[in-house]
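The values are calculated or read from the model by the stated rules, or taken from the named source; none is laboratory data. These numbers come from a predicted model, not from an experiment. With ideal geometry, Cβ positions are generated from the backbone for all residues, glycine too; neighbour counts draw on all protein chains shown.
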């Protein structure tokens with residue numbers, strides 16, 4: 001009986017050990033599956049929203065000057081082959097005439113981005129600001145324009161790779177008044193731009209670096 005008891009005890013011990021190992025392996029597999037699932041299901045989110053400037057920052061901006069300005073924060077993580085593209089385009093009668101200025105940001109370590117536009121008698125100055133600096137260009141407005149409306153996105157928006165977001169725009173008219181509509185979809189050219197005599201449009205896009213053109 002003693003021998004049989006020892007055998008059963010050993011057998012039971014072996015079974016417990018095997019059960020423990022099986023449970024541990026199952027738990028490890030489950031963790032690995034969860035980790036893999038989390039990684040495969042995780043999405044990189046990049047968001048853009050109007051920046052909240054401090055009183056001092058706003059004072060500095062006011063002193064620098066500029067007729068129309070928009071400041072945005074862009075937050076998220078860019079992949080090694082991804083970039084944020086900021087551009088300023090000119091439209092006439094609802095049709096894009098040219099892309100006047102473009103910048104590329106391959107890092108979002110600093111999240112403040114901006115667009116600035118200054119109207120002068122003969123020249124309109126355009127500027128794109130990004131964490132590492134700024135870029136500028138100029139264009140000439142049609143002489144007959146006398147009325148302007150400026151609109152910008154006022155809420156947080158999640159970017160989709162390859163899909164542009166029209167974050168702000170200036171529309172001009174030769175008439176004393178004009179009608180305009182608040183965009184319902186910031187990922188398409190705004191209706192106000194399509195219907196305007198002249199527009200300057202500020203755009204942001206998250207894309208792969210290989211898509212630079």
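Looking across the stretch 187-199, the residues that are surrounded by fewer than 19 Cβ atoms within 10 Å (Cβ to Cβ) and in contact (Cβ under 8 Å) with a residue 12 or more places away in the chain come down to 187, 188, 194, 195, 197. Pairs are defined by a Cβ separation below 6 Å, a sequence spacing of at least 6 or placement on different chains, a first member in the stretch 61-89 that is on the phi > 0 side of the Ramachandran plot, and a second member that is surrounded by 16 or more Cβ atoms within 10 Å (Cβ to Cβ) and modelled with pLDDT of 90 or more; the pairs so defined are 66/116; 66/118; 76/46. Within the stretch 46-82, the set of residues being more than 24 Å from residue 200 (Cβ to Cβ) and in a strand (DSSP E or B) comprises 47, 75, 82.
Taking residue 139 as meeting all but one of (1) out of contact with any strand residue (DSSP E or B) (no Cβ under 6 Å at 6 or more places or on another chain); (2) over 14 Å from residue 50 (Cα atoms); (3) in contact (Cβ under 8 Å) with a residue 60 or more places away in the chain, write down the number of the exception. Unmet condition: (1). Taken together, the residues in the stretch 86-96 that are surrounded by 12 or more Cβ atoms within 10 Å (Cβ to Cβ) and more than 21 Å from residue 125 (Cβ to Cβ) amount to 1. Filtering the stretch 165-187 to residues that are part of a loop (DSSP other than H, G, I, E, B) and within 18 Å of the chain's Cα centre (by Cα) leaves 183, 184, 185, 186, 187.
Residue 133 meets all of the listed conditions (1) free of Cβ contacts under 8 Å to residues at least 24 places away in the same chain; (2) on the phi < 0 side of the Ramachandran plot but one, namely (2). Look at (1) surrounded by fewer than 19 Cβ atoms within 10 Å (Cβ to Cβ); (2) touching a residue at least 60 places away in the same chain (Cβ under 8 Å); (3) under 17 Å from residue 50 (Cβ atoms) and you find that residue 202 fails only one, number (1). Note on the stretch 137-157: residues that are under 27 Å from residue 73 (Cα atoms) and surrounded by 13 or more Cβ atoms within 10 Å (Cβ to Cβ) total 10.
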